[in-house]
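Report on the following structure.
The values are calculated or read from the model by the stated rules, or taken from the named source; none is laboratory data. Everything quoted here is computed from the prediction, not taken from an experiment. We place every Cβ from the backbone using ideal geometry, glycine too, and count neighbours over all the protein chains shown. The accessibility values were calculated without ligands, DNA or RNA, using every heavy atom of the protein model including side chains. Shrake-Rupley method; radii C 1.70, N 1.55, O 1.52, S 1.80 Å.
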Amino acid sequence: AQSVAQPEDQVNVAEGNPLTVKCTYSVSGNPYLFWYVQYPNRGLQFLLKYITGDNLVKGSYGFEAEFNKSQTSFHLKKPSALVSDSALYFCAVRPDSSYKLIFGSGTRLLVRP
Amino acid sequence: NAGVMQNPRHLVRRRGQEARLRCSPMKGHSHVYWYRQLPEEGLKFMVYLQKENIIDESGMPKERFSAEFPKEGPSILRIQQVVRGDSAAYFCASSPSDSGIGDTQYFGPGTRLTVL
């Protein structure tokens, strides 16, 4: 079965420190990979995506993600966290034969001042 | 350019009533997707529609749920005879008219349905 795993329910970092939110997937073929962020009582905002090409993808608000095909991972990173980055982050995968997004269960990021 | 619009934002229904959720895609988008988010879970795909066509409804429950996207007007997700288990946030997303598989889906703010 196709699935996306976000192994950490919550990630805690201090402001100014680097952050990583992990994502691994189990999808056949060459999927397309996405990160979204959700603030309380809001919809999902698109952060970045990997389709093809350079394994390091840069997105909104200083976030980036690294695609690793051998490890089937797409970890989200930011060099210096801000308190305002605190939110719920979702990794999503779109199989290359489908239009539907398969979401992970989400990781809550808490950045403390 | 307005984003994806959904209304109502909050909807309360009693068991057995009908719920109608509306979604207006971004301007220039004619592909609409509906997802459901149960508490403390990720989003689950329900249905993918283009104007006047249901393309993929593999995530829709077989009974009580239906979706449409008419030539004019918003997309509608309709839940008949709601039950408490239908309580969730329902999100709509849209993508451009010339979508390729890799195109981004942009999400609306969601409708939070509560069934009493």
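In whole percents, the pair-distance distribution calculated for the range B:1-90 from its alpha-carbon pairs, binned every 5 Å from zero, is 3, 13, 24, 26, 20, 10, 3, 0. Electrostatic tally near A:Phe67: other residues with Cβ closer than 11 Å to its Cβ, Lys and Arg +1, Asp and Glu -1, net -1.
Could you report chain B's accessible area per residue, 1.4 Å probe, as an integer in Å²?
Details: 5720 Å² over 116 residues.
On a per-residue basis, 49 Å².
Other residues with beta-carbon under 12 Å from the beta-carbon of B:Ser58 carry, at +1 per Lys or Arg and -1 per Asp or Glu, a net charge of +1. Counting 0.36 nm for each residue step from B:Ala2 to B:Ile55 and taking away their Cα separation leaves a gain of 16.6 nm.
When a 1.4 Å probe is rolled over the protein heavy atoms, the share of accessible surface on the range B:17-116 that falls to carbon and sulfur comes to 46 percent. Mean separation of Cα pairs under 8 Å and 6+ residues apart, divided by the residue count of the range B:1-82: what relative contact order is that in percent? Normalised by residue count, the contact order of the range B:1-82 is 31 percent. The residues of chain A expose on average 47 square angstrom of accessible surface per residue, using a 1.4 Å probe on protein heavy atoms. Of the residues in the range A:38-57, those shielded by at least 50 Å² of accessible area once partner protein chains are present, compared with the chain alone at a 1.4 Å probe, are A:Asn41, A:Leu44.
Put simply, chains B and A cover up around 1900 Å² of each other's accessible surface, both sides summed, when a 1.4 Å probe is used. The accessible-area loss of the range A:89-106 on complex formation, taken against its chain alone with a 1.4 Å probe, reaches 20 Å² or more at A:Phe90, A:Arg94, A:Tyr99, A:Lys100, A:Leu101, A:Phe103, A:Ser105. In whole percent, how big is the carbon plus sulfur part of the accessible area of the range A:9-113, probe 1.4 Å, protein atoms only? The C+S portion of the solvent-accessible surface of the range A:9-113 is 48 percent.
Structure note, pairs A:Lys58/A:Lys78; A:Lys49/A:Lys78; A:Lys100/B:Lys71; A:Lys58/B:Lys44: Cα-Cα distances above 20 angstrom occur for A:Lys100/B:Lys71; A:Lys58/B:Lys44.
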